[in-house]
1. On the basis of being among the hydroxyl-bearing types (Ser, Thr, Tyr), modelled with pLDDT of 75 or more and open to solvent by less than 100 Å² (accessible area, probe 1.4 Å), does THR9 make the cut?
2. Report yes if ILE195 is in a helix (DSSP H, G or I), open to solvent by 70 Å² or more (accessible area, probe 1.4 Å), at pLDDT 85 or above and aliphatic (A, V, I, L, M), otherwise no.
3. Being under 30 Å from LYS194 (Cα atoms) and open to solvent by 70 Å² or more (accessible area, probe 1.4 Å) is the requirement here; does GLN82 meet it?
4. Just the residues that are within 23 Å of LYS47 (Cβ to Cβ), among the hydrophobic types (A, V, I, L, M, F, W, C) and assigned to a loop (DSSP other than H, G, I, E, B), please, taken from segment 69-123.
5. Name the residues in segment 40-70 that are surrounded by 13 or more Cβ atoms within 10 Å (Cβ to Cβ) and within 23 Å of GLU121 (Cα to Cα), would you?
6. Can you name every residue in segment 204-232 that is of a type outside the set (A, V, I, L, M), open to solvent by less than 100 Å² (accessible area, probe 1.4 Å) and part of a strand (DSSP E or B)?
7. Could you tell me which of the residues LEU124, LEU77, LEU92, LEU108 is aliphatic (A, V, I, L, M), out of contact with any Lys or Arg (no Cβ under 8 Å at 6 or more places or on another chain) and at positive phi?
8. With the requirement that a residue be in contact (Cβ under 8 Å) with a residue 12 or more places away in the chain, in contact with a helix residue (DSSP H, G or I) (Cβ under 9 Å, 6 or more places away or on another chain) and of a type in the set (A, V, I, L, M, F, W, C), what does segment 104-125 give you?
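The values are calculated or read from the model by the stated rules, or taken from the named source; none is laboratory data. A quick note: this is a predicted structure, and the numbers were derived from the prediction, not measured. For neighbour counting, all protein chains shown are included, and Cβ atoms are generated from backbone atoms with ideal geometry for every residue, glycine included. For accessibility, only protein heavy atoms count, side chains too; no ligands or nucleic acids. Shrake-Rupley method; radii C 1.70, N 1.55, O 1.52, S 1.80 Å.
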Amino acid sequence: MDIEVLHQTRIEQPRKLLTDKIDKRKRPLNEVQSTSQQNKRYVSFGKEAHKKIKQLISKHQMISESGEPICIRNMELEYENQIVNIKYNSKLDNVRLDAYVRACDEALLGRDGYRKLAAIEARLIREYQIAQRRIEITKSINNQIQIGLFNLDKELDQQPVIDDDELQDDSSRIVVDEQEIGNGVYRSIRSLLKILIPIWSKSILQPGVTINLKLSGDGRNVGRKQNHVMMTVCLLNEKD
């Protein structure tokens, strides 16, 4: 037997098997002009690649200390000088999402700006996930510190006296619709302090220290017929 020919046949055999598995019904990616069809091809490829990689993870014992196999977050491909990032459904913890929300708020980065940034850097969390987490935070705050209403047109002695406990129970006074534009809205400072003092006690406030608060307000025009005045409260114990 010709050993050299036999050896060459054994080398080319896996290539032939790989060629036989090619789905000839699918056109090459460079011939697919529709963006939606290209995305479907990426999704199909991502699902099949995920199954293969999971098998390799089990084969090579890629597990954590708790015995759980490592997770695949994303797969990055390059096609015609464009980066295609295939993301898998991985659970995002709220701590990480809260960090994104805080960074966007402190940097005054709006939705459109973040979308443009995420389009360049595919590893960033999608904007809709940040927006959804921001809504959850707002609902949580509104449930703990509800919004009360008072009528600006009435005299001070005609205003109803609302206790904090009553405000917590009366959920019908929270929502402000378009017909109540002329009313004032407020949040109770006492309710705010009940939540903030335990947080401040860990780093800012010391036991027995007097809490110093500064009240201020500022107004601005909103449209042609509306003027808003917003009152704020500041903790002076924080100093700088």
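1. Details: among the hydroxyl-bearing types (Ser, Thr, Tyr): yes; modelled with pLDDT of 75 or more: yes; open to solvent by less than 100 Å² (accessible area, probe 1.4 Å): yes.
So THR9 fits the description; yes.
2. Working: in a helix (DSSP H, G or I): yes; open to solvent by 70 Å² or more (accessible area, probe 1.4 Å): no; at pLDDT 85 or above: yes; aliphatic (A, V, I, L, M): yes.
Judged against the criteria, ILE195 is not a match.
3. Spelling it out, it is not the case that GLN82 is under 30 Å from LYS194 (Cα atoms) and open to solvent by 70 Å² or more (accessible area, probe 1.4 Å).
4. Scanning segment 69-123 gives ILE70, CYS71, ILE72, LEU92, ALA122.
5. Within segment 40-70, ARG41, TYR42, PHE45, GLY46, ALA49, HIS50 qualify.
6. From segment 204-232, those of a type outside the set (A, V, I, L, M) are 206-208, 210, 212, 214, 216-221, 223-228, 232; that's our starting set.
Then drop every residue that is not open to solvent by less than 100 Å² (accessible area, probe 1.4 Å), which leaves 208, 210, 212, 216-217, 219, 223, 226, 228, 232.
Selection gives SER216, GLY217, GLY219, GLN226, HIS228, THR232.
7. On the way: LEU124 fails: at positive phi; LEU77 fails: at positive phi; LEU92 fails: at positive phi.
Criteria check complete, one pass: LEU108.
8. Filtering segment 104-125 for residues in contact (Cβ under 8 Å) with a residue 12 or more places away in the chain gives 104, 111, 114-115, 122-123, 125.
From what's left, in contact with a helix residue (DSSP H, G or I) (Cβ under 9 Å, 6 or more places away or on another chain): 104, 111, 114-115, 125.
Within segment 104-125, CYS104, ILE125 meet the criteria.
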